[in-house]
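The block underneath contains the structure these notes are about, expressed in structure tokens.
Every number here is computed from the coordinates shown, using simple stated rules; none is lab data. Quantities reported herein were computed from a predicted structural model and do not represent experimental measurements. For neighbour counting, all protein chains shown are included, and Cβ atoms are generated from backbone atoms with ideal geometry for every residue, glycine included.
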Amino acid sequence: MAELAADQHVRYIVTVEKKDSFESLVMEHIRLNGAYWGLTTLDLLHKLHAVDAAEVVDWIMSCYHPESGGFGGNVGHDPHVLYTLSAVQVLCLFDRLDVLDIDKVADYVAGLQNEDGSFSGDVWGEVDTRFSYIALCTLSLLHRLHKINMQKAVDFVVSCKNLDGGFGAMPGGESHAGQIFCCVGALAITGSLHHIDRDLLGWWLCERQCKDGGLNGRPEKLADVCYSWWVLSSLIMIDRVHWIDKEKLTKFILNCQDKETGGISDRPDNAVDIYHTYFGVAGLSLMEYPGVKPMDPAYALPLDVVNRIFLRK
Ligand code: GRG
């Protein structure tokens, strides 16, 4: 089997982080999210020190909106709950939550909860179970879950459960592995996994494995490296990960590497990007690939980082 080209991936990520590359340009509007993908990958590969921590923290804080308490995707961009989670996650990696006005950030997130328990992504009001997960994950990392109505938040997520055992973006929405991660993660963070029929959902999730060994996000779709994370993390949270053929999936991910210039693509022979590089390495981490740090399936951060946050309090 091919091996993980860890050194090349580290070099690739450090290059993308530099402002003048093509990929950095096309990621301009989601740069904070991209920083989370790249920096978490570096940490998983034991190479977080390849970047200057103080410089990263300063840049993160330049995306902060002191009036709202939220973060934008780049300097001068409007705040959104997704970038707020990315900012908190990156600060967790560097153990620098001390730079935040924690209550102000938590109030921004809590203020996006709607009457029915759902969350909007920003002031424009779009509702999606992604935002439920993001809000719960952010507030939990900040030790501020008490600022929201947790019962209503859980009830909303449960109302998005389908007859096939999966979850969608809103009540009645089609089951999709990405949304399933969000809903299972939200229920794991709030200690509410009893709402899940583990065998039914586990069956739907393990059926995502295609003949080529990769995982897809829903029936009849092509495999894509990113589902290695969305599907495996969900299976781990419901204790059914042994229903996947790990060897075949590992081979699929490793075959998507650019072994010369680094990076991982969605499928073999496609162009690499930072998103698939992160989710490929994260998938390998969930399968205990040697030399890659273990990850927490609910918080999407290295386990040692999550332990530092919850065991210190
Ligand atoms: C901290 C890991 C982490 C996540 C934050 C943003 C978010 C919370 C979760 C996103 C979950 C999600 C919906 C992932 C799916 C992304 C994706 C590849 C969507 C593509 O959908 P289609 O329909 O692709 O274009 P398919 O594969 O279905 O053809």
- Item | Stretch gain in nm, segment ASP245-HIS143, where the contour uses 0.36 nm per residue and the Cα spacing is subtracted | 33.1 nm
- Based on other C-beta atoms within 10 Å, arrange THR277, THR190 from fewest to most. THR190, THR277
- Query: Using only the Cα atoms, what convex hull volume per residue in Å³ does the chain have?
  - Reply: 126
- Item | In nm, spacing of pseudo-spin labels at HIS65 and LYS18 (7 Å Cα→C-beta vector) | 3.3
- Task: Find the relative contact order for segment 95-240 and round it to a whole percent, using C-alpha pairs within less than 8 Å whose residues are 6+ positions apart.
- Result: 18
- Note on the structure: ASP269 neighbourhood, Cβ < 15 Å, K/R = +1, D/E = -1, net charge -3
- Query: ARG308 to LYS221: extension gain in nm, 0.36 nm per residue of separation minus the Cα-Cα distance?
  - Reply: 27.5 nm
- Go ahead and collect, in residue order, the members of segment 110-137 whose backbone nitrogen is under 16 Å from a label point 7 Å along the Cα-Cβ direction of SER159. 113-121, 126-133
- Query: When the chain is fully extended, how far beyond the present Cα-Cα distance does ASN114 get from GLU55, taking 0.36 nm per residue of separation?
  - Reply: 17.6 nm
- Query: What is the Cα centroid distance between segment 87-155 and segment 219-285, reported in whole angstrom?
  - Reply: 28
- Message: At a threshold of 8 angstrom on Cα-Cα distance, excluding pairs fewer than six apart, so keeping six or more, what relative contact order does the chain reach in percent?
- Response: 18
